[in-house]
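Enquirer: Below is a structure I'd like to ask you about.
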Amino acid sequence: MATLLVKNATVLVTMDGSRREISGGGLFARDGFIEQVGPSEMLPATADEVMDLSGHVVLPGLVNCHHHLDQVLTRNLPAAQNVNLFRWLKAHYRLWAARTPEASRTATLVGLSELALSGCTTAFDHAYVFRNGCKVDDQIGAAREIGMRFMVSRGSMSLGESKGGLPPDDCVEEEEAILADSERVIGAYHDPAPGSLLQIALAPCSPFSVTPELMRDSAALARAKGVRLHTHLAETIDEERYTLERFGKRPVAYMEELGWLRDDVWFAHAVHVNDHEIGCFNGAGVGVCHCPSSNMRLASGIAPVMAYRRAGVKVGIGVDGSASNDGNHMLGEVRQAMLMARLQIALCPPEGPHTTLSTSDPSRDGEWMTARQALEIATLGGAEVLGRSDIGSLEPGKCADFFALRLDDVAFAGGLSDPVAAALFCTPRGAAWTVVHGRPIVANGTIVTIDLPAIVAEHNRHAVRLAALSES
């Protein structure tokens, strides 16, 4: 069994129950699982692989809870640069439907590479456009190439325009075929064991692209097979208007009617919710994935993340699709979440929206999201949202998933009075090392498991083809 010794980190952040930060810290792992964490002098002296991380801060690997990796193919699309969600989707649907399995592979590799380069070790992908020869298998194969810990959905859309949905009819699937392929993918790939590198979820896309029947049937299948459930919810006011007009209910109440408020469910975005709905999430054990850059890019709003935390709701962070964020920098997304929560203090005074604003009131200090809270949401929080108890912290029994930042990077110059907080405040450019299950994916700032320049060149050829379709 292969062993790994990490030693001499300037600071090792554990995120364990005591939230220890160990000066001169390290860890010892065997076959991808951590056996010891502590000061370097207390660890074994040798291992099959030794990483001396002097001059680095070491943190648990970041967990990305919501992504659409295929959207890397349509980043920065001119027709979708300055529009809200529904118009943005209509500009993209047929382009995503025109992708090929080869294009899906390169998009997945590019997106996962960017994530790994920014400290992410576990990524969830919400794939849902399949009427084009593409399958979830394409993304799974790519994730195995690069070596990331991966969770992927067999997502779905079944409600086309002719039946009152948003997507074109030629982009949706028959529900019988969706359920049959969902069962196939779970049987072929889902691994629930501790340390699993691959898990499957079921993820009907949204209330405006899937029928109530498919939502219920997907939930029943997921629960019969022991996998988790995911969808977009309460992302925009347009969605709220849609569910009120079509079902007579706000989005959260609609999900409750469908049996989706359970502890095996997490929702992407959950921006437009009230206090009662936040309480419903907590009571049911529902999780939420916060996607700050996407919500700003599409002018969707600001999710009440600190209110979620105060209420006990499970919260993680996601970069969301690379065409509504246009980047896959997970550490940058964590920083964005911290800053966005601070902006919300100014926009939402506790006395009400029309009162005098005061962010200097000491009684509001608890509303300020700290760097350590943001990092906790992106590690332990993400693990909890995805139902993983084996990742999210560096402690015995957990997976050896971590990343390291070089403290002599120019981004840290002058900011080393608190190297842990500097990981967000000082906007580091990327990880020096990213390790998944004891295996380096990024070494000295470079992806080492695939030929990334060749992948990028191939990917750009696929993207140019889709861009030409958009212009025709």
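The values are calculated or read from the model by the stated rules, or taken from the named source; none is laboratory data. Remember, predicted model here, so these are calculated numbers, not experimental data. Virtual Cβ from ideal backbone geometry, glycine too; neighbours counted across all protein chains shown.
Enquirer: Just checking, which of A47, A29 is of a type in the set (G, A, S), in a loop (DSSP other than H, G, I, E, B) and either in contact (Cβ under 8 Å) with a residue 24 or more places away in the chain or not assigned by TED's automatic domain parsing to the domain that holds G195 (or both)? Lay out the reasoning, then the answer.
Expert: Values: A29 fails: in a loop (DSSP other than H, G, I, E, B).
Among A47, A29, only A47 is of a type in the set (G, A, S), in a loop (DSSP other than H, G, I, E, B) and either in contact (Cβ under 8 Å) with a residue 24 or more places away in the chain or not assigned by TED's automatic domain parsing to the domain that holds G195 (or both).
Enquirer: To continue, here is another question. Which one of I140, I178 is hydrophobic (A, V, I, L, M, F, W, C) and buried (at least 23 other Cβ atoms within 10 Å of the Cβ)?
Expert: Exactly one residue qualifies, and that residue is I178.
Enquirer: Oh, and also: Which count do you get for residues in the range 235-264 that are surrounded by 24 or more Cβ atoms within 10 Å (Cβ to Cβ) and within 19 Å of A127 (Cα to Cα)? Let's see the steps before the verdict.
Expert: The first filter runs over the range 235-264 and keeps only residues surrounded by 24 or more Cβ atoms within 10 Å (Cβ to Cβ), leaving 235, 239, 251-252, 255.
Still in the running and within 19 Å of A127 (Cα to Cα): 235.
Count: 1.
Enquirer: Quick check on L407: is it buried (at least 16 other Cβ atoms within 10 Å of the Cβ), modelled with pLDDT of 95 or more and touching a His at 6+ places or on another chain (Cβ under 9 Å)? Can you show your working first?
Expert: Details: buried (at least 16 other Cβ atoms within 10 Å of the Cβ): yes; modelled with pLDDT of 95 or more: yes; touching a His at 6+ places or on another chain (Cβ under 9 Å): yes.
Yes; evaluated as a whole, the condition is true for this residue.
Enquirer: Moving on. Given the criterion part of a helix (DSSP H, G or I), buried (at least 16 other Cβ atoms within 10 Å of the Cβ), in contact with a Ser or Thr (Cβ under 9 Å, 6 or more places away or on another chain) and not acidic (D, E), identify the matching residue among L95, L12. Spell out the reasoning first.
Expert: Details: L12 fails: part of a helix (DSSP H, G or I).
After ruling out the rest, the residue left standing is L95.
Enquirer: Can you name the residue in the range 392-433 that is more than 15 Å from A378 (Cα to Cα) and polar (S, T, N, Q) and, of all such residues, is farthest from the chain's Cα centre (by Cα)?
Expert: S417
Enquirer: Here's another thing I want to ask about it. Here is a list: T434, T449. Which entry is β-branched (V, I, T), modelled with pLDDT of 95 or more and outside any loop (DSSP other than H, G, I, E, B)?
Expert: T434
Enquirer: Output the number of the condition that V227 fails; it satisfies all remaining conditions of (1) touching a residue at least 40 places away in the same chain (Cβ under 8 Å); (2) of a type in the set (V, I, T); (3) closer than 22 Å to G160 by Cα.
Expert: All conditions are met except number (3).
Enquirer: Taking the range 338-350, which residues are surrounded by fewer than 23 Cβ atoms within 10 Å (Cβ to Cβ) and in a helix (DSSP H, G or I)?
Expert: Of all residues in the range 338-350, those surrounded by fewer than 23 Cβ atoms within 10 Å (Cβ to Cβ) come to 339-340, 342-350.
Scanning the range 338-350 gives L339, M340, R342, L343, Q344, I345, A346, L347.
Enquirer: Right, next: Would you mention how many residues in the range 143-173 are assigned to a helix (DSSP H, G or I) and in contact (Cβ under 8 Å) with a residue 60 or more places away in the chain?
Expert: Number satisfying all stated conditions: 4.
Enquirer: Then there's this: Among what's in the range 390-404 and is touching a helix residue (DSSP H, G or I) at 6+ places or on another chain (Cβ under 7 Å) and not aliphatic (A, V, I, L, M), pick the residue that is surrounded by the fewest Cβ atoms within 10 Å (Cβ to Cβ).
Expert: Step one: filter the range 390-404 for residues touching a helix residue (DSSP H, G or I) at 6+ places or on another chain (Cβ under 7 Å), giving 391-393.
Those still in the list that are not aliphatic (A, V, I, L, M) too: 392-393.
Details: G392: 29, S393: 26.
Residue satisfying both the conditions and the ranking: S393.
Enquirer: Here is a follow-up. Report yes if R364 is surrounded by 11 or more Cβ atoms within 10 Å (Cβ to Cβ) and modelled with pLDDT of 95 or more, otherwise no. Walk me through how you get there before you give the answer.
Expert: On the way: surrounded by 11 or more Cβ atoms within 10 Å (Cβ to Cβ): yes; modelled with pLDDT of 95 or more: no.
The answer is no for R364.
Enquirer: Further question on the same structure: So how many residues does the range 98-142 have that are in a loop (DSSP other than H, G, I, E, B) and either within 15 Å of the chain's Cα centre (by Cα) or not assigned by TED's automatic domain parsing to the domain that holds A80 (or both)? So that I can check it myself, show each step before the final result.
Expert: Step one: filter the range 98-142 for residues in a loop (DSSP other than H, G, I, E, B), giving 98-100, 118-119, 126-135.
Right, trim to either within 15 Å of the chain's Cα centre (by Cα) or not assigned by TED's automatic domain parsing to the domain that holds A80 (or both) and you get 118-119, 126-127.
Counting residues in the range 98-142 that are in a loop (DSSP other than H, G, I, E, B) and either within 15 Å of the chain's Cα centre (by Cα) or not assigned by TED's automatic domain parsing to the domain that holds A80 (or both) gives 4.
Enquirer: Still on this model: Out of curiosity, is E458 part of a loop (DSSP other than H, G, I, E, B), surrounded by fewer than 18 Cβ atoms within 10 Å (Cβ to Cβ) and not hydrophobic (A, V, I, L, M, F, W, C)? It would help to see each step written out before you state the result.
Expert: Details: part of a loop (DSSP other than H, G, I, E, B): no; surrounded by fewer than 18 Cβ atoms within 10 Å (Cβ to Cβ): yes; not hydrophobic (A, V, I, L, M, F, W, C): yes.
Judged against the criteria, E458 is not a match.
Enquirer: Something else: If the Cβ limit is 8 Å and pairs must be 6+ apart or interchain, which residue in the range 457-472 that is within 16 Å of A323 (Cβ to Cβ) pairs with which residue that is of a type in the set (K, R) and in a loop (DSSP other than H, G, I, E, B)?
Expert: That search, which allows pairs on different chains as well, returns H462/R99; A463/R75; L466/R99.
Enquirer: Is it fair to say S322 is outside any helix (DSSP H, G or I) and modelled with pLDDT under 95?
Expert: Working: outside any helix (DSSP H, G or I): yes; modelled with pLDDT under 95: yes.
Considered against the rule, which asks whether it is outside any helix (DSSP H, G or I) and modelled with pLDDT under 95, S322 comes out as yes.
Enquirer: If you don't mind, there's one more thing I want to ask. May I ask you to say which residue of T449, T434, T427 is of a type in the set (S, T, N, Q), surrounded by fewer than 16 Cβ atoms within 10 Å (Cβ to Cβ) and either closer than 25 Å to T122 by Cβ or in contact (Cβ under 8 Å) with a residue 24 or more places away in the chain (or both)? Even if it seems obvious, please write down each step before you answer.
Expert: Values: T449 fails: surrounded by fewer than 16 Cβ atoms within 10 Å (Cβ to Cβ); T434 fails: surrounded by fewer than 16 Cβ atoms within 10 Å (Cβ to Cβ).
Checking each option against the conditions leaves just T427.
Enquirer: Surrounded by fewer than 24 Cβ atoms within 10 Å (Cβ to Cβ), of a type outside the set (S, T, Y) and part of a strand (DSSP E or B) - does that describe any residue in the range 192-208?
Expert: yes
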